[in-house]
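One structure is given here, and the rest of the page talks about it.
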Amino acid sequence: MLNKKRVIGAMVLATAVLMSACGGGSSSSVYGELTENDKLIEAKVKDHQYPYAEPGTKLKIGKTHDACVPDFETNAFSLYLEEKTGLELDFEVYADSNSVKTMLAANSDDLPDIAVSPSLSDADFIQYGVGDYGTGAVVPWDYYYENYGYYYKQAVEQTIIDKIDNFLIAADGHRYTVPYICEQMGNVFSGKAFINKVWLDKLGLEVPTTTEELRTVLEAFRDKDPNGNGQKDEIPMTGSTNGYTAKPYEFLLNAFVYCDRDNYMWADDKGKVSYIYTSDDYKEGLKYISDLCKDGLLDKQSLIQKNEELKAISCAETNRIGVLIGGSPDNVFSAKLERMLDYVPLPVPKGPKGINYPYMKPIKPTNMGWMSRKCEHPLAGYALFDFMMSEEATTFARYGIEGKRDPSGKNDPEIVKDWYRATTDEEKDRALFKHIGFEGDIVTILGYGTITNSHWQAQNPQYRSSKIADGMVWDGNPLNGEYVKAQAITPYYLEEADRKEIEKHIVRALKFENLEDQKNYSTLASSLKTYFQQQQAKFIVGDLDVEKDWDKFQTELKNLKIDQCLELAQKGYDYMER
């Protein structure tokens, strides 16, 4: 049961929509000038003095429910923020991201002052913001950022994200968000595959490096009983529909064409945007994958099975899996962690044209902290979010309560707390990502994803630079999932120059100057995506023939107005990358 002062569910918020008839109440907040309340704290905020709030200053802060955070009111990070700023934070917890949008659509007088939610897009800010198309429910940070921004400005200046303000400034010209930025290379190169090295050694095979070598290995896994139980029960390659980067076809397509798992788009050298599923290279990749499936080398179940089903198979008494697609083997093998050590990373194989793009995802900021029209202390709210962008607050939000190294080496919890800074050469040398150039900085005690009242599970405005994000220290346990994933990055990792060469072709985001274009694009893109995903699955499992049915597939894409969709996407891309 949730222990919160207020928990708002979708049904309650839907009722609010009906009661308000989408009408907004009077606005208490202004932007572009200081309120009388804010004038009292201006000097302290300007000089970065903490605490800065006047006694008794309260802010109602909206927050999306997190199953790993028992109580936001008593959470150590919440109490730390209150002590640091002098604010009294009253949490209003929403059941999910849909509840947040329903609440904004209602635009009633029950809006929180500020909110932390990763669910709002640029289109939402246009719809609920103060521009020509907006309802005014959300007001921008422009004035406060320009005149009182400190840690937020530092993040914008220091981040490795190109043209970051093109993400952070909405199409109506306003800055509505204080973002979440995480520069972890482990997240960039999160798309991985793992191949059973025990089976390879038993069969006298090497890790395959081309698509044809991969086929040969998968055939051996299928036919030569590598698990030695006398049964033909091996699954040469598998994955799942909802595991972390666990879709086999997306991994394999990168041997033929770059597969952006977000939108299946690509921008050529001249910046022209296209969908990869209209290209000959995609067709060849689809044929290769379909042939694997037809020959029993790619598990058909991987197109429909959920991660929990995959975990059950992976942790069975007899190991049946040759190649596992996915970025979290520690999750899949959670009931048999020692089995992870039977596997080594499988590089994306080179296709017939010598292509093997890494299955990567560029770093992008996430919209996180915003302010409603009801906020009577906008500078106080801004200063709170601005402080969250500091390294001090960021490390607390992700790792928990900071301690210090226990000289005895016993890791007394009263001394080490949830984490501490690496101080010895030995600790600094045990960085999880040492092999790609990082030094150990953070010695973690509290495991990631643990149910805890120490922090907010990093779901708040923050700037987690590479130094912090990739500076975690290995605890020496070979079964540490973070260590296994960090070591597996090597076959996929690209140095900055090579990474930038690919990233210039990736459609990072689309940004539309008006709501009409946004809605038209969303409608067309949604129809195309639904049809494409259905047809792709049919091609892979053999219900459709790649050669015989390709032209019909392309014709139907035309009927679904793919050309009009691309025209709009081009406008959104050009505006985003201006």
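Residues to consider are Met371, Met340; find the one that is among the hydrophobic types (A, V, I, L, M, F, W, C), in the same structural domain as Asp122 (by TED's automatic domain parsing) and buried (at least 17 other Cβ atoms within 10 Å of the Cβ).
Details: Met340 fails: in the same structural domain as Asp122 (by TED's automatic domain parsing).
The conditions single out Met371.
I'd like to check something: does region 456-473 contain any residue that is farther than 26 Å from Met368 by Cβ and either in contact with a Lys or Arg (Cβ under 7 Å, 6 or more places away or on another chain) or surrounded by fewer than 19 Cβ atoms within 10 Å (Cβ to Cβ) (or both)? Spell out how you get there, then give the answer.
Taking region 456-473 as the starting set, the residues that turn out to be farther than 26 Å from Met368 by Cβ are 473.
With the extra rule that they be either in contact with a Lys or Arg (Cβ under 7 Å, 6 or more places away or on another chain) or surrounded by fewer than 19 Cβ atoms within 10 Å (Cβ to Cβ) (or both), the set shrinks to 473.
Within region 456-473, one or more residues are farther than 26 Å from Met368 by Cβ and either in contact with a Lys or Arg (Cβ under 7 Å, 6 or more places away or on another chain) or surrounded by fewer than 19 Cβ atoms within 10 Å (Cβ to Cβ) (or both).
I'm told Ala393 meets every condition in (1) over 25 Å from the mean Cα position of the chain (by Cα); (2) assigned to a helix (DSSP H, G or I); (3) aliphatic (A, V, I, L, M) except one. Can you identify the failing condition by its number?
The failed condition is (1).
Can you find even one residue in region 273-294 that is buried (at least 21 other Cβ atoms within 10 Å of the Cβ), closer than 26 Å to Ala220 by Cα and of a type in the set (D, E, K, R)?
Looking through region 273-294, none of the residues is buried (at least 21 other Cβ atoms within 10 Å of the Cβ), closer than 26 Å to Ala220 by Cα and of a type in the set (D, E, K, R).
In region 48-136, which helices (runs of 4 or more DSSP H) lie fully inside it and hold 1 or more residues that are farther than 30 Å from Ser522 by Cβ and in contact with an Asp or Glu (Cβ under 8 Å, 6 or more places away or on another chain)?
Correct list: 76-85.
Do you know which residues across region 66-81 are surrounded by 16 or more Cβ atoms within 10 Å (Cβ to Cβ) and closer than 16 Å to Pro461 by Cα?
Phe72, Phe77, Ser78, Tyr80, Leu81
Name the residue that is modelled with the lowest pLDDT, counting only residues in region 94-144 that are within 26 Å of the chain's Cα centre (by Cα) and among the polar types (S, T, N, Q).
Out of the qualifying residues, it is Ser119.
Just for region 171-194: of the residues that are over 25 Å from Tyr357 (Cα atoms) and modelled with pLDDT of 95 or more, which one is farthest from the chain's Cα centre (by Cα)?
Within region 171-194, the subset over 25 Å from Tyr357 (Cα atoms) is 171-180.
Checking which are modelled with pLDDT of 95 or more leaves us with 174-180.
On the way: His174: 24, Arg175: 21, Tyr176: 20, Thr177: 17, Val178: 17, Pro179: 13, Tyr180: 10 Å.
Only one residue fits best here, namely His174.
For residues that are within 18 Å of Pro461 (Cβ to Cβ), surrounded by 20 or more Cβ atoms within 10 Å (Cβ to Cβ) and out of contact with any Pro (no Cβ under 9 Å at 6 or more places or on another chain), tally how many sit in region 110-144.
8
Conditions tested, residue by residue: (1) closer than 29 Å to Asp165 by Cβ; (2) among the polar types (S, T, N, Q); (3) in a helix (DSSP H, G or I).
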{"residue": "Glu427", "(1), (2), (3)": "no, no, yes"}
{"residue": "His435", "(1), (2), (3)": "no, no, yes"}
{"residue": "Thr450", "(1), (2), (3)": "no, yes, no"}
{"residue": "Ala458", "(1), (2), (3)": "yes, no, no"}
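Among the listed residues Leu214, Leu203, Leu218, Leu168, which satisfies the condition of being surrounded by fewer than 18 Cβ atoms within 10 Å (Cβ to Cβ) and hydrophobic (A, V, I, L, M, F, W, C)? Give the steps one after another, and end with the answer.
On the way: Leu214 fails: surrounded by fewer than 18 Cβ atoms within 10 Å (Cβ to Cβ); Leu218 fails: surrounded by fewer than 18 Cβ atoms within 10 Å (Cβ to Cβ); Leu168 fails: surrounded by fewer than 18 Cβ atoms within 10 Å (Cβ to Cβ).
Step by step, each of Leu214, Leu203, Leu218, Leu168 is checked, and only Leu203 is surrounded by fewer than 18 Cβ atoms within 10 Å (Cβ to Cβ) and hydrophobic (A, V, I, L, M, F, W, C).
Could you list, in sequence order, the residues of region 396-422 that are under 31 Å from the mean Cα position of the chain (by Cα) and under 17 Å from Gly476 (Cβ atoms)?
Val416, Trp419, Tyr420, Ala422 - these are the residues of region 396-422 that are under 31 Å from the mean Cα position of the chain (by Cα) and under 17 Å from Gly476 (Cβ atoms).
From the list Arg261, Arg222, pick out the single residue that is of a type outside the set (A, V, I, L, M), in a loop (DSSP other than H, G, I, E, B) and touching a Gly at 6+ places or on another chain (Cβ under 8 Å). Let's see the steps before the verdict.
Values: Arg222 fails: in a loop (DSSP other than H, G, I, E, B).
Criteria check complete, one pass: Arg261.
Give region 483-539 a look and list any residue that's among the hydroxyl-bearing types (Ser, Thr, Tyr) and assigned to a helix (DSSP H, G or I), or say none. Outline the logic, then answer.
Taking region 483-539 first, the residues among the hydroxyl-bearing types (Ser, Thr, Tyr) are 483, 490, 492-493, 521-523, 526-527, 530-531.
Tyr483, Tyr521, Ser522, Thr523, Ser526, Ser527, Thr530, Tyr531, listed by residue number.
From the residues in region 171-199 that are out of contact with any helix residue (DSSP H, G or I) (no Cβ under 7 Å at 6 or more places or on another chain) and more than 22 Å from Lys434 (Cα to Cα), which one is surrounded by the fewest Cβ atoms within 10 Å (Cβ to Cβ)?
Looking at the filtered set, the residue picked out is Gly173.
Yes or no: region 137-149 includes at least one residue that is over 19 Å from Gly381 (Cβ atoms), part of a helix (DSSP H, G or I) and among the hydroxyl-bearing types (Ser, Thr, Tyr).
So in region 137-149, the residues over 19 Å from Gly381 (Cβ atoms) come out as none.
No, region 137-149 contains no residue that is over 19 Å from Gly381 (Cβ atoms), part of a helix (DSSP H, G or I) and among the hydroxyl-bearing types (Ser, Thr, Tyr).
The values are calculated or read from the model by the stated rules, or taken from the named source; none is laboratory data. None of the values given here were measured: they were computed from a predicted structure. Cβ: placed from backbone, ideal geometry, glycine included. Neighbour counts: every protein chain shown.
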